[in-house]
Amino acid sequence: MKTTKNSWFENSATHLKFILALPKHRFLADDLPFDEVSMRSLSGFKQWNDAYLIALAASHSLKLATLERKLDNMDSLKVSVLHVIL
C-alpha cells in the first residue's frame, strides 16, 4: 500500500494526540531569552538550535534526549542535561 501525505499526517497526528494524553506530559514554554544561551563550543550557526534546546532543558531542570553524540561538547560543565541514546 502506498503512503500518501494525508495518511502520513493522520498517522503523525494520532501519535501526537497519544503523547499529549500521557499523564506525565507537560507543555514546555519556549521562554528562555536568547542571550542566556551558552556559546560554548558553538562552531557555526547551525548549532544554535541544539545549544538553545540544551539551555532550555537546563532552565527547566530537565534532560534532553538525543541521538547526536556531537552535542556532548555543548553540554553544561556544571550540570549535565544531555542524555545521549546510543
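So that you can scan it fast, the table gives a plain yes or no per residue for (1) loosely packed, with under 10 Cβ neighbours inside 10 Å; (2) acidic (Asp, Glu); (3) at pLDDT 85 or above:
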position: Met1; (1), (2), (3): yes, no, no
position: Phe9; (1), (2), (3): no, no, no
position: Pro23; (1), (2), (3): yes, no, yes
position: Pro33; (1), (2), (3): yes, no, yes
position: Ser38; (1), (2), (3): no, no, no
position: Asn49; (1), (2), (3): yes, no, yes
position: Ile54; (1), (2), (3): no, no, yes
position: Ser80; (1), (2), (3): no, no, no
| message | With the structure loaded, tell me whether His83 is outside any loop (DSSP other than H, G, I, E, B) and either β-branched (Val, Ile, Thr) or in contact with a Lys or Arg (Cβ under 9 Å, 6 or more places away or on another chain) (or both) or whether it fails that test. | response | yes
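Matching residues to (1) small (Gly, Ala, Ser); (2) within 21 Å of Leu71 (Cβ to Cβ); (3) without any contact (Cβ under 8 Å) to a residue 24 or more places away in the chain; (4) part of a loop (DSSP other than H, G, I, E, B):
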position	(1), (2), (3), (4)
Asn6	no, no, yes, no
Glu10	no, no, yes, no
Thr14	no, no, yes, no
Pro23	no, no, yes, yes
Arg26	no, no, yes, yes
Ala29	yes, no, yes, yes
Asp35	no, yes, yes, no
Arg40	no, yes, no, yes
Ser43	yes, yes, yes, yes
| field | Among (1) of a type in the set (S, T, N, Q); (2) at pLDDT 80 or above; (3) in a helix (DSSP H, G or I), the one test that Ser61 misses | value | (3)
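The values are calculated or read from the model by the stated rules, or taken from the named source; none is laboratory data. A quick note: this is a predicted structure, and the numbers were derived from the prediction, not measured. Note that each Cβ is placed from the backbone with ideal geometry, even for glycine, and that neighbours are counted across all protein chains shown.
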